[in-house]
Each structure stands twice: as structure tokens, then as C-alpha cells.
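First up is the structure itself, then whatever we jot down about it.
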Amino acid sequence: MPNPLHFEELNTALNTALNAALEDVCRAGVPGLFAEVRADGRVWRGAAGVADLDTGEPVTVDMRHRVGSVTKTFTAVAVLQQVESGLIDLDAPIGGYLPDLVPGERGARITVRMLLNHTSGLAEYLPYAYPSLRALPNIAETSPQSLDDHRLTRFEATELIGLGVDAPAAGAPGGTPGLYSNTNYLLLGALIEHVTGITVDKYLTEHVIERAGLRSTGLPTRPEIAGPHAKGYEAWFGMIDPPRDYSVFDMSWVGPTAALVSTVSDLNRFYRLLLTGELIGPASLAQMQRTVPVVSQEGKVIDYGLGLYPTRAVEQPTFWGHGGTVWGSGTLAMTRADGRRQLAIAVNLQRWNALDSAGQPQPHPIDEALAALYRVAMYG
């Protein structure tokens, strides 16, 4: 399925507003960002700032980018495809499929659905894999040392799953609010491998990415990002000053939960196809859009479905999609429920907020500038 190439431009007033909002984010402190907005068959693409602070190379809108937890929607689609094929039951216990990974009573109580919507009660493995983050969620007591220590570490998914399963439970299976945990989606990757007999990377490539006709999207096989891309600058709440480039990084620490590389154009195409029923059937999409309260990694309670979450302004249409962050790279992709308006945005700086005396992240001009860009893109 070829990518659409012949969009007309959006109206001049909206183009101008989007370009100004993009520049405001750069002025607020992000080195570089790029975005695409689609509305009723028309398109705006924009880029501002630099891809490389040392060379001054500008960002371009077609650059590839680590999209972090946007990967979860791709993995959730893969699971729902297997639900449609009859190989997975959403409400079956994960212990029936993967008894060695989630043994005993928890394996019998945690269902596939609970993994997808983060109500399994399983802890996040990251603080155990990255010792300098062990104090999370007390950010002020952490350090970014493990980011450097594990730049090229090759983790095994089963090792990381074990860390999450063996850690003290974050809650009871099925309890709400749930807790957002990457352990859940590593287990879903293992589940896909169990029922299909192929690696999760191969399944996602052949049955989700290629089925959607995404030309510039893939799961990395090397620490480097293939093709034109921006560097990713991580500040870790002011503890890395100046922010450091982490664009070369072994992504086995997240795999099918957050390792995907894509473009803003590919992400818009993917979510449009998903929301219009071309990747899974209407019944499966309805399951993805059944939400429960979940505590995000930022400590906020959000509505979360099966690899999707909604956002809406007061008296405005609902958008569905996902955000993502890895070291130095951030992404947001949102599509209106009817598929007729979309945005995908990529930035090359993360965790820019300084901490106050209580160790809490403080507001930053970047936050306000990004929120303004989102408003213009979705409702402008």
C-alpha cells in the first residue's frame, strides 16, 4: 500500500499558525522538532531548529525518529489480530500461555487484557535494570549514570520480564487505577512469539508495518538509527547539563514496548488506517477504545485503552493515539476518532523540567509552547 503523496496544503491561516507555533517551541528551548498535520485530505508539514547542536544541521520533516511508547499501539494491534484469528483470548490468563514467565496465582489472575491496559499490577522493570534509577518515582534521588552504563547493553526480554515479575507488585490484578508498566508489553511480545512461532519483531514487521504500507518504520537491529535522523538530547531533569546525545543506543531495553523508529508521515498513516478499521476489525477497535484509569509514568491518572488513549478539549472531538519518550527523543501521534484530522510531532529533547526543592518537576516554557502547538494542530 503506497504512502499518499498528493495532498493539497492546508489553508494559509492555519499554515501560518502552525509554523509560528513550531518556532515558539524552538524558542522555548527544544533544539529541533518536526511535525505533520492532516485534515480532510490536506496536509501541513513543518520543521524548526537543528538536528545536531554541534554541526547546526537543520531538522527536516522526513527524518526518522525513535518514537518510544507509540510502539505499544503497534504491539496491541498485533495482539488484537491474533485475537481475531482465535489464537489469543483477551480475558484468558497469561499464565495459560506463558506459565514460565508469570507462574502461580498471578499467572492465573492476570489476563491478556490487563497487560494491554496496564491493570496487571506488575511492576516496571526499568529501575531494576538501570540501578541509578532505582529510587524512582523519587526523581531527585536518581542519577542518569545507568543511561551511559547501558548504551550498548544487549538485554534479553525474558531477563527484563523477570525483573518486573519478581519485583514487589504495584497493585492487585485488575485493580484500578492501573500502573503504566513496560513489563506488560514485553510480556505481550513474548505472547505474540508463543502463539505465532516467529519473533515479535518479524511479526510486527510483516503483519503490522508492511500491512500498513509504512516505508520508513521499523524495529532497530543496531544501536544506530538508519537513515537521516536527528540526535536525541537527554537532560534528565537538569542533571545532564548540557543535555547529552543518546541517539546511538541499544534498544533491547524496551523492544516491542518502545523501540520503534518511524517518521511523522508514517505515524499519521498508521493511525488513520487503525482508526478507520483497515488493520483490525471494528469489534477489535472498540475493545482498544474501552478505557480504564491508569497512573502514567508522569504520575498523572489518564484514561487508557488497549494500547491507545484518548484526548479531547472541552466540547471538541476526541482524538486517539499515543505518546512516546526514550532517552532524548519524544513523540506524540493523535488521530480524530473519524480519522479526518491528525497530528504527529517529534522533538529531540527530553526531561527538560528542573526539579524544585521537593524533587518535583517544575513547569517550563517548553510545556506551554508544546501545548499551544497541539491545540492549533488538533483544533485550530
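Quick look at the numbers
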read-out: Residue in segment 273-293 that is charged (D, E, K, R) and closer than 23 Å to Pro31 by Cβ present; value: no
read-out: When residues of segment 220-253 are limited to those that are exposed (fewer than 14 other Cβ atoms within 10 Å of the Cβ) and among the acidic types (Asp, Glu), the one nearest to Val59 (Cα to Cα); value: Glu224
read-out: Check on Thr75, in contact with a Pro (Cβ under 6 Å, 6 or more places away or on another chain), modelled with pLDDT of 95 or more and outside any loop (DSSP other than H, G, I, E, B); value: yes
read-out: Among the candidates Ala135, Ala129, residue that is of a type in the set (A, V, I, L, M), modelled with pLDDT under 95, farther than 30 Å from Arg290 by Cα and in contact with a helix residue (DSSP H, G or I) (Cβ under 7 Å, 6 or more places away or on another chain); value: Ala135
read-out: Test: residue in segment 103-124 that is surrounded by fewer than 18 Cβ atoms within 10 Å (Cβ to Cβ) and either under 25 Å from Asp266 (Cβ atoms) or modelled with pLDDT under 95 (or both); value: no
read-out: Residue tally, condition touching a strand residue (DSSP E or B) at 6+ places or on another chain (Cβ under 7 Å) and either under 17 Å from Asp149 (Cα atoms) or buried (at least 24 other Cβ atoms within 10 Å of the Cβ) (or both), over segment 255-264; value: 3
read-out: Matching residues in segment 249-264 - criterion: being farther than 18 Å from Thr199 by Cα, among the hydrophobic types (A, V, I, L, M, F, W, C) and assigned to a loop (DSSP other than H, G, I, E, B); value: Phe249
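Per-residue answers, yes or no, for (1) over 9 Å from the mean Cα position of the chain (by Cα); (2) modelled with pLDDT under 95; (3) surrounded by fewer than 23 Cβ atoms within 10 Å (Cβ to Cβ):
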residue: Gly299; (1), (2), (3): yes, yes, yes
residue: Phe319; (1), (2), (3): yes, no, no
residue: His322; (1), (2), (3): no, no, no
residue: Ser329; (1), (2), (3): yes, no, no
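The values are calculated or read from the model by the stated rules, or taken from the named source; none is laboratory data. For clarity, every value in this text was computed on a predicted model and none was experimentally measured. FYI the Cβ positions are ideal-geometry reconstructions off the backbone, even for glycines, and counts take in every protein chain you see.
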